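The values are calculated or read from the model by the stated rules, or taken from the named source; none is laboratory data. From a predicted model like this one, the values you see are computed outputs, not experimental measurements. Cβ placement follows ideal geometry from the backbone for every residue including glycine, while neighbour counts extend to all protein chains displayed. In case anyone asks, the SASA skips ligands and DNA or RNA and just uses the protein heavy atoms, side chains included. Shrake-Rupley method; radii C 1.70, N 1.55, O 1.52, S 1.80 Å.
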Amino acid sequence: MPPDGPVMAAPEKQLRKRKVADAGQGPESPPGPGFDPAGFPACLRAGTFWLTRIVLLRALAFIYFVAFLVAFHQNKQLIGDRGLLPCKAYLKSVQQHFQGRVGWDAVSYAPTVLWLLDWSHMDSNLDALALLGLGISSFILVTGCANMVLMAVLWVLYMSLVNVGQIWYSFGWESQLLETGFLGIFLCPLWTLSRLPRKTPTSRIVLWGFRWLIFRIMLGAGLIKIRGDRCWRDLTCMDFHYETQPVPNPMAYFLHQSPWWVHRLETLSNHFLELVVPFFVFLGRRMCLLHGALQILFQVVLIVSGNLSFLNWLTIVPSIACFDDATVGLLFPSGPGSLKDQVLKLQKEEAQEEAWPTLTHGLGRMVRQAVNLALGILVAWLSLPVVLNLLSSKQLMNSSFNPLRIVNTYGAFGSITRERTEIVLQGTASANASAPDAVWEDYEFKCKPGGLRRRPCLISPYHYRLDWLMWFAAFQTYEQHEWVIHLAGKLLANDAEALSLLDLNPFAERDPPRWVRGEHYRYKFSRPGGLHAADGKWWIRKRLGPYFPPLSLRDLRGYFRSREWPHPGPTQRDPAPVH
């Protein structure tokens, strides 16, 4: 009996419209892969990481680009032929330590391709490494395409710079970039340059390598704080951090003025994010997503509040591995032929393979799985000393346990300085440095505090290595940082390369200074609304005393000769000795 009633009946007119709309969509014409039968865009399913890999590679390529850009602009002045700490002299000292041979011992102690190059033009070598790195990272950043070869070249190039960079490359983010970059090699197919290499799905082992990395970064940073400075335990560290961090930015000035209870809340939040949230990564998909979101938000806050090189930008990279295609897909446009549309097709193919598994796999896939398994075993093995260090009451911060820096231990701000001290370099044209009428003029650095009316800079993710090291040198003496005296010698000669690292040379377009000295000051932020701030001063300072005495080129001849540093300039203008 045919059904009747208002619910089951369909007007003939509506039936005719439906037939017209369905014309051309028979059994051989299913809806497009990017849309469900109702015409809405289909959703990517969770558990695949095709788009995640693209985001990871582009984010890593961006960090590489910044790192190589810093290297290209600053390496010649810092470690070049006439740099403050020439890498040629460093490699020669390593060679002499191993009986003058460039053998396995020397190469494993300082792995760098510079061993294979001509040292007579080290500036050209350093530029070539940096420019090649810039070119490859730019290509990956723009296209989102990479293979193991390109990623391995980037890793080797940067490792080659780090291992001859000496004190200029001695910070945790250098090892962190090398470890992140090493994992990035295994994200890609061997040769193919494709954003979606169909035969090379993103390895779960590599993804867990990234997650293991962000877990160690954050937990190591949290543990070093709890075990280190007492102010982290009594929640007062943030009372000082914004003012005393290496290179404050404008936001740090205002954040420093926050009420005491805000600083306590900041410290508590820091402990939660570094000591509790890292464990979320092991608690299933939803908690892993929450972990990634919280850590990225945390790093964005740190980026806003200070100039910490590319450290925080780099720390975002492994956090991306917490997100699958269903989440990352929000960053990509939809539509026929789009990346999301292609990933939907790949997901359907994978679902069919899961439903109808085959007994045979290609040789390439088997080799790939073996390589990924070997990577997992290697990372696990190299993690043993790292885990023991995390468990140790004498935890080391930012240390490597292998020369290739594949798996490292991390940490940041285990201690907080209560006062900010700065070295101010000054020069004078006076023949007598002790004369009461001698006029001393200040040199200004690119970013570190100097002139009281200079607004704190905003430079991250770029990094001025000299400014950063001047902050460390102010804690100790010039005897512990000989490069400071080398810098003074170059200022005495108006050396163009060295002066390119500074923002203001008071002797530009003039004869070089006859004397250069270092003065030690204590700096504090001015108080908003106070007299100094009303006068346009961001800082107030008080002289503590000399950092190093007035020096002339005559004084530095023997000093430079004993260290095999080239004399920075002519000697005919050396002042006569003062009696």
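For helix 363-391, what angle does its Cα long axis make with the longest principal axis of the chain, in degrees from 0 to 90 and rounded to 10? It is inclined by approximately 50 degrees. Compute the distance from the alpha-carbon center of the stretch 492-543 to that of the stretch 404-436, in whole Å. That distance is 13 Å.
Considering only Cα-Cα distances, which of the following residue pairs are longer than 27 Å: Lys76/Lys446; Lys225/Lys537; Lys92/Lys490; Lys199/Lys340?
As for pairs spanning more than 27 Å Cα to Cα, those are Lys225/Lys537.
Residues of the stretch 225-256 with an amide N closer than 12 Å to a point placed 7 Å from the Cα of Leu268 along the Cα-to-Cβ direction: 235. Placing dummy labels 7 Å off each Cα toward the beta-carbon, the span from Arg418 to Ser124 is 5.5 nm.
Cβ-Cβ distance of Phe472 and Leu283, R₀ of 35 Å, FRET efficiency by 1/(1 + (r/R0)^6): the value works out to about 0.35.
Shape class for the stretch 398-554, computed from the alpha carbon gyration tensor (a ≥ b ≥ c): oblate, with a/c not under 1.5 and a/b at or below b/c. Given the alternatives (i) 29; (ii) 21; (iii) 11, percent of Cα pairs over 45 Å apart as computed for this entry is given by (i). Ordering Leu126, Asn147, Cys87 by the projection of their Cα atoms onto the charge dipole of the stretch 75-156, which places +1 on the Cβ of Lys and Arg and -1 on the Cβ of Asp and Glu, puts Cys87 at the extreme positive end.
Placing +1 on each Lys and Arg Cβ and -1 on each Asp and Glu Cβ, with no other charges, gives the chain a dipole about its Cα centre of roughly 620 debye. Between Trp539 and residues 5 or more places away or on another chain, which pairs have amide H atoms under 5 Å apart, with H built 1.01 Å from N, and which residues are they? Amide H neighbours of Trp539, under 5 Å, 5+ apart: Ser526.
Accessible surface area normalised per residue over the chain is 48 Å², counting heavy atoms of protein chains with a 1.4 Å rolling probe. The stretch between Asp511 and Lys92 holds 147.3 nm of extra length on full extension. This uses 0.36 nm per residue minus the Cα-Cα distance.
Mind giving me the FRET efficiency for Leu504 and Glu349? R0 is 60 Å, r the Cβ-Cβ distance, nearest 0.05 is fine. Before the final figure, lay out the partial values.
Numbers: r = 61 Å, r/R0 = 1.02.
With a Förster radius of 60 Å, E is 0.45.
Working note: Karplus 6.51/-1.76/1.60 with θ = phi - 60° gives the stretch 542-547 the couplings 9, 6, 9, x, x, 8 Hz, where Gly and Pro are set to x. The listed residues Met470, Met148 rank as Met148, Met470 when sorted by accessible area, largest first, using a 1.4 Å probe.
Estimated purely from DSSP H runs of n ≥ 4, each contributing -39500 (n - 2.57), the mean residue ellipticity at 222 nm for the chain is -15500 deg cm²/dmol once divided by its residues.
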